[in-house]
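Here the structure is laid out as structure tokens; the discussion comes afterwards.
The values are calculated or read from the model by the stated rules, or taken from the named source; none is laboratory data. From a predicted model like this one, the values you see are computed outputs, not experimental measurements. As a convention, Cβ positions derive from the backbone with ideal geometry for all residues, glycine included, and neighbour counts pool all protein chains shown.
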Amino acid sequence: MNETISFTLNGKSVSLTTDSQRTLLWVLRTDLGLTGTKYGCGKAMCGACTVIVNDRVARSCTLPIRSIKGKNVLTIEGLAKNGKLHPIQEAFVKHDALQCGFCTPGMILNAYSLLLKNPEPTREEIIEGMEYNLCRCGAHIRIIRAIETAAQEMKGAG
Amino acid sequence: MNEDKLQVAEHGHDEDIYPLSRREFLQSLGSGIVIFFAVGQVPTARGQSRGKKERPDFNAYLRIGEDGRVTCFTGKVELGQGPITSLAQTLADELDVPLESVDMVMGDTDLCPFDAGTWGSMTTPYFGPVLRAAGAEARAILIGLAAVRLKVPKDRLAVKDGVVFDKTNKSQKVTYAQLTEGKKIQKRLEQEPQIKTVGQYNLIGKPVNRLDARKKVTGEAKYTGDIRIAGMVCAKILRPPYHGAKVKSLDTSIVDKIEGAQVVRDGELIAVLHKYPDIAEKALGSLQVEYDIPKARFDDKTVFDYFVDNAGNSKVTAQGGNIESGQKLAKYMVEETYLNGYVSHAPMEPHAALAHFEDNKLTVWASTQTPFGLRRDLTRELGMSEENVRVITPFVGGGFGGKISNGQAMQAVKLAKIAKKPVQLVWTREDEFFYDTFRPAAVVKIKSGIADSGKIVSWNYDIYGMGSRGSQLFYDVPNHRTTVCRELKNGENMHTVATGPWRAPDNNTNSFARESHIDVMAARAKIDPLEFRLKNITDERFRRVLKAGADKFGWTPANKTPSGRGYGMACGFDVNVPVVLFAEVKVDERTGSIEVKRVVCAQDLGLVINPEGATIQVEGCITMGLGYALTEEVHFQGGDVIDMNFDSYELPRFSWVPKIETVLIEADESPSRGGGEPAIICMGGVLTNAVYDATGARLFQIPMTPERVRKAIASRA
Ligand code: FES
Ligand code: FES
């Protein structure tokens, strides 16, 4: 069913008319041209498509676009502000927490929501919070380290 | 800024998507210094001529522009292992420029020199030296120019950060940018230039952060599926239910009514095209299709017996001495069979391609490890000339050997040709599991003899279903023979699904079998596994690695075997790299689950360009290796692949990752070797050995699923 859907995307309001059952992932990637959100499995199993909706983590590959009407969506493209990387992004660069980089946007946004809920996570809590995001290249150790660093940084800043 | 050009070449941005052909490109470069190479005739750093002789064409390897930026053109691609950084680092060091001033243009067949492909840890050892020579040559030319300009003899000049200065009077200086201004120097490298030696390096051997990190953390990095060009449509292909299935009938009437959808068929290839990939995918479900399905010969459980029972001709790949006389010297004979199933590459980025015909030129963006191989296949398939086919490789989201075969690109090209518009095809995860070229399932049978002295005196090693890489003995065994059998009695290939190289092909299975067997023998002879290996390895390089790893791990002989400590070790050898892994595991005997607590890896990579990068590679290998050792195995019934997504095909997760420690043996004077693979090959062996040490249960088949572990525990002696 075609419907007009309005929501806030990375701080700007957008409105588009499309089949409201389509998933947010493909609307972002095609209609809206934001390709930083990745397709990895299409079944909410890998986390490559992770975005933030109203401050909560969401897997956009299984999220119908109609369910985000009026909501606030943050994608990887919206995380850096005026060319300045977010501390989590900084920490990923600093710790080489990526190889091929395909899982990276999803990892960063998942970490973002993790730190939102729990600004001072223990290592175990980080592992638990990241458990369902997959990385085939095996960057896990560095990702954990990056999140630890980011948490420190953000605490300092906050 | 050259950055723009890099963007275009790498990623094909909408505005200027078709830069010039290489010839035009070189003409258009304007001022600057370009060093050409004829690949295959290149004097490399060590005097040997390496590389492919296939195309003795001239190629621009690097260019120093008027803006002082250095552009490096390479047929290598960035799959995640970091050549974008290590190659830039190498070049920047030889040229004495800041790392940030190097731009990499990778995997574009129009702009970059021929390259056989990015795999097997070959980038560093084979391409690195060539690049260093080119960098050194360019530097020599620039110093020559500076000598004239500053009126100072060459030997009084030095370079730092792209500035040439008089060593005796530092205010006398000129930048590379100034030197190249208005000049158009094109030089073919003819003899081996003077490259730097240890001690002269500024960047080589230093940890640096990845050059592509910023793009990758902001979502800016473009992968093939992210590229958009005018008029393109997205394709989703109808995946047959079974390998070898043939379409009997197809009814497209429902899909024909979907606005904007188009069904395209080329023989067995059936696809729906639509502006939106999700709508194309949904439409596939409305195609009415019937198939003829071939009969299953085996499944994931019966495959091993099937191979052995139906084995056809075998080939001897290595032999020495005489097996029979060796056996006579033996005090103990040990005979075992080792099994390893199919595994999938499962890169996080599924295969993707975008194909565009324009006039008589074809451009293909592809997630591939072999842009030039793809171009060759396309020219053959389409009867087009090489000048008219261009393959561009954006960032690739992991390959591991799976992106050497380019099925998706061929499919996209066929569809684009029929549809007469640009077609982008991204495999779904299910397509990815179905069409993947799996690491082949294989059986290894080993019969070996140990003399009273603890020396291995005979070694008979038979492989079924895969090749011999990694089976070469680094143990000193006087009497040995290795055979490989890959075909059935009727001459057919053993496998019914597609198979191909998987990170260090064959070596994972061969190392698992050999290293398990070494431990079985050590236990039989009642010798500590480390001591047993040292008794049987004389190669000094290898012994150094073994000892360094054992030191780091804190290996001590146990007073009984199995010791209950859960310690294991395994050695391996891949692309000239000796590697050893030590591990500690904890096994829950009730559930059969294995916790890997700690892994130590020692390897000798020769001169390490980027130690941080090498360490990351080791971590990546060990983490990925947990998968094939513990869970990863493709289930199937004949041509029906059962695992289709990550619910049943389990990749390693955060909570599985052990403490990982890496020892890189210092060997700066020996040539660089690739670190992208060696560490992974020992994971099967080291963990089965550790599980044995923990429980006394020996697993002869990997992955060590909880079920298999429980079974082995139940039947332990
Ligand atoms: S693509 Fe959404 S979780 Fe994998
Ligand atoms: S960096 Fe490649 S999948 Fe995580």
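Between B:Leu415, B:Leu378, which is over 30 Å from B:Tyr464 (Cβ atoms), touching a helix residue (DSSP H, G or I) at 6+ places or on another chain (Cβ under 9 Å) and not aromatic (Phe, Trp, Tyr)?
B:Leu378
Just checking, which of B:Ser655, B:Ser648 is surrounded by fewer than 21 Cβ atoms within 10 Å (Cβ to Cβ), hydroxyl-bearing (Ser, Thr, Tyr) and assigned to a loop (DSSP other than H, G, I, E, B)? If you could, list the steps in order and put the result at the bottom.
Values: B:Ser655 fails: assigned to a loop (DSSP other than H, G, I, E, B).
Of B:Ser655, B:Ser648, the one residue that is surrounded by fewer than 21 Cβ atoms within 10 Å (Cβ to Cβ), hydroxyl-bearing (Ser, Thr, Tyr) and assigned to a loop (DSSP other than H, G, I, E, B) is B:Ser648.
B:Ile229 is checked against (1) assigned to a loop (DSSP other than H, G, I, E, B); (2) surrounded by 13 or more Cβ atoms within 10 Å (Cβ to Cβ); (3) more than 14 Å from chain A (Cβ to nearest Cβ) and fails just one. What number does that condition carry?
(3)
Would you mind stating whether A:Thr23 is within 16 Å of ligand 1 (Cβ to nearest atom), within 7 Å of chain B (Cβ to nearest Cβ), in contact (Cβ under 8 Å) with a residue 24 or more places away in the chain and crowded, with 20+ Cβ neighbours inside 10 Å?
yes
Taking the residues in segment A:120-143 that are under 28 Å from A:Leu34 (Cα atoms) and over 16 Å from the mean Cα position of the chain (by Cα) as candidates, determine which candidate is surrounded by the fewest Cβ atoms within 10 Å (Cβ to Cβ).
Taking the candidates together, the pick is A:Arg142.
Scan segment B:662-673 and tell me whether some residue there is crowded, with 21+ Cβ neighbours inside 10 Å, more than 14 Å from every other protein chain (Cβ to nearest Cβ), at pLDDT 95 or above and within 24 Å of the chain's Cα centre (by Cα).
No: zero hits.
Have a look at A:Thr18, A:Thr8 and point out the one that is more than 10 Å from ligand 1 (Cβ to nearest atom), within 11 Å of chain B (Cβ to nearest Cβ), of a type in the set (Ser, Thr, Tyr) and not in a loop (DSSP other than H, G, I, E, B). Before you say what the answer is, go through the steps one by one.
Working: A:Thr8 fails: within 11 Å of chain B (Cβ to nearest Cβ).
The conditions single out A:Thr18.
Within segment A:52-64, which residues are crowded, with 20+ Cβ neighbours inside 10 Å, more than 10 Å from chain B (Cβ to nearest Cβ) and part of a helix (DSSP H, G or I)?
A:Ser60
For segment B:254-300, enumerate the residues that are basic (Lys, Arg) and under 15 Å from A:Thr18 (Cβ atoms).
Matches in segment B:254-300: B:Lys275, B:Lys282.
Residues in segment B:74-96: is at least one part of a loop (DSSP other than H, G, I, E, B), modelled with pLDDT of 60 or more and farther than 24 Å from B:Pro501 by Cα?
Yes.
Which is in contact with a His (Cβ under 7 Å, 6 or more places away or on another chain), within 14 Å of another protein chain (Cβ to nearest Cβ) and not aliphatic (A, V, I, L, M), of B:Gly285, B:Gly260?
Numbers: B:Gly285 fails: in contact with a His (Cβ under 7 Å, 6 or more places away or on another chain).
Of the residues listed, the single one that is in contact with a His (Cβ under 7 Å, 6 or more places away or on another chain), within 14 Å of another protein chain (Cβ to nearest Cβ) and not aliphatic (A, V, I, L, M) is B:Gly260.
Would you kindly identify the helices (runs of 4 or more DSSP H) lying entirely within segment B:289-396 that contain at least 1 residues that are within 30 Å of B:Val641 (Cβ to Cβ)?
B:303-309, B:371-382
Out of the residues in segment A:37-51 that are under 9 Å from the mean Cα position of the chain (by Cα) and either surrounded by fewer than 21 Cβ atoms within 10 Å (Cβ to Cβ) or of a type in the set (Gly, Ala, Ser) (or both), state the one that is farthest from ligand 2 (Cβ to nearest atom). Steps first, answer last, please.
Taking segment A:37-51 and keeping what is under 9 Å from the mean Cα position of the chain (by Cα), we get A:37, A:47-51.
Adding the requirement that they be either surrounded by fewer than 21 Cβ atoms within 10 Å (Cβ to Cβ) or of a type in the set (Gly, Ala, Ser) (or both) leaves A:47-48.
Numbers: A:Gly47: 10, A:Ala48: 8 Å.
Among those residues, the one meeting the criterion is A:Gly47.
Name the pairs whose Cβ atoms lie under 7 Å apart, with the first residue in segment A:53-70 and assigned by TED's automatic domain parsing to the domain that holds A:Leu9 and of a type in the set (Asp, Glu), the second outside any loop (DSSP other than H, G, I, E, B) and more than 16 Å from ligand 2 (Cβ to nearest atom), and 6 or more positions between them or separate chains?
A:Asp55/A:Leu116
For B:Val587, work out the one condition from (1) more than 30 Å from the chain's Cα centre (by Cα); (2) within 25 Å of B:Tyr461 (Cα to Cα); (3) not in a loop (DSSP other than H, G, I, E, B) it doesn't fulfil.
(2)
Here's a check for you: in segment B:381-401, which residue that is in contact with a strand residue (DSSP E or B) (Cβ under 9 Å, 6 or more places away or on another chain) and among the small types (Gly, Ala, Ser) is nearest to the other protein chains (Cβ to nearest Cβ)?
Ranking the candidates gives B:Gly397 first.
Is there a residue in segment A:74-96 that is away from chain B (no Cβ under 12 Å) and buried (at least 22 other Cβ atoms within 10 Å of the Cβ)?
Filtering segment A:74-96 down to residues away from chain B (no Cβ under 12 Å) leaves A:82.
Next, from what is left, pick out any that are buried (at least 22 other Cβ atoms within 10 Å of the Cβ): none.
The answer is no; no qualifying residue exists.
Would you please list the contacts, defined by Cβ atoms under 7 Å and residues six or more apart or on different chains, that run from a residue in segment B:434-457 that is on the phi > 0 side of the Ramachandran plot to a residue that is in a loop (DSSP other than H, G, I, E, B)?
That search, which allows pairs on different chains as well, returns B:Gly454/B:Ala525; B:Gly454/B:Ile527.
Of all residues in segment A:26-36, count the ones that are in a loop (DSSP other than H, G, I, E, B) and either surrounded by 21 or more Cβ atoms within 10 Å (Cβ to Cβ) or within 11 Å of another protein chain (Cβ to nearest Cβ) (or both).
4
Residue under question is A:Glu128, and the condition is that it be away from ligand 2 (no atom under 15 Å from the Cβ), within 11 Å of another protein chain (Cβ to nearest Cβ), closer than 30 Å to A:Met1 by Cβ and assigned to a helix (DSSP H, G or I); does it hold?
For A:Glu128, the condition - away from ligand 2 (no atom under 15 Å from the Cβ), within 11 Å of another protein chain (Cβ to nearest Cβ), closer than 30 Å to A:Met1 by Cβ and assigned to a helix (DSSP H, G or I) - is not met.
For segment A:74-86, check the following and say yes or no: at least one residue is in a loop (DSSP other than H, G, I, E, B), under 28 Å from A:Ile5 (Cβ atoms), among the aliphatic types (A, V, I, L, M) and away from ligand 2 (no atom under 16 Å from the Cβ).
Yes, some residue in segment A:74-86 is in a loop (DSSP other than H, G, I, E, B), under 28 Å from A:Ile5 (Cβ atoms), among the aliphatic types (A, V, I, L, M) and away from ligand 2 (no atom under 16 Å from the Cβ).
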